[in-house]
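Asker: Structure provided below as structure tokens; questions to follow.
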Amino acid sequence: MEETTKILKSLADETRFKMLDMLLKYDLCVGALANHLGISKAAVSQHLQILRKAGLVKGEKRGYWTHYSVEKKVLHQIASDLMKIADQPPSSENICIKVMACNGTEDGKEVIKMCKGQCEHPKKLKGKPEECTPEQIKECHGDVKDHPCEEKKE
């Protein structure tokens, strides 16, 4: 997942995304990229460094210049990773927004203690427990004392 995040961050910049698109069609040098994109050679070099570190492009020395091309297998891998994420079936359980704060362990197994109120009656609550009246919380959650998903005030 760390590698996928690194690659996606490198593609999050519009200029780098345009560069990648251009390099998929042609092997280009820094000067050609700068000319087509209307930016300085120094800026192109900085963008290429980020794309190289992410493993998306490689350079090949041709005479005096280095021409860059896309590592298509890396692009295919990231596409595959995104497809796996997109193809995950949705959970059949209703999990609260605050589930991370409500998790615990029992007998070495992870147990999810759910805050059902926001999931069951979202229109009745204002959003965060501290924004709701005690009556609203009681109607949706039941007992309002020591609710497991309310943030502790110190």
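Asker: Given the criterion in the same structural domain as Ala79 (by TED's automatic domain parsing), touching a residue at least 12 places away in the same chain (Cβ under 8 Å) and over 23 Å from Gln77 (Cα atoms), identify the matching residue among Leu33, Leu20.
Answerer: Leu33
Asker: Of the residues in segment 1-16, how many are part of a helix (DSSP H, G or I), surrounded by 13 or more Cβ atoms within 10 Å (Cβ to Cβ) and out of contact with any Phe, Trp or Tyr (no Cβ under 8 Å at 6 or more places or on another chain)?
Answerer: Count: 8.
Asker: Provide a single number: the residues in segment 54-69 that are modelled with pLDDT under 95, over 21 Å from the mean Cα position of the chain (by Cα) and of a type in the set (A, V, I, L, M, F, W, C).
Answerer: 1
For (1) under 30 Å from Phe17 (Cα atoms); (2) assigned to a loop (DSSP other than H, G, I, E, B); (3) at pLDDT below 85, each residue gets a yes or a no:
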site	(1), (2), (3)
Gln49	yes, no, no
Arg52	yes, no, no
Asp81	yes, no, no
Ile85	yes, no, no
Met100	no, no, yes
Gly104	no, no, yes
His147	no, yes, yes
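The values are calculated or read from the model by the stated rules, or taken from the named source; none is laboratory data. Note that the coordinates shown come from a computational prediction; the quantities given were computed from them, not determined experimentally. Reconstructed Cβ throughout: ideal geometry from the backbone, glycine too, with neighbour counts over all protein chains shown.
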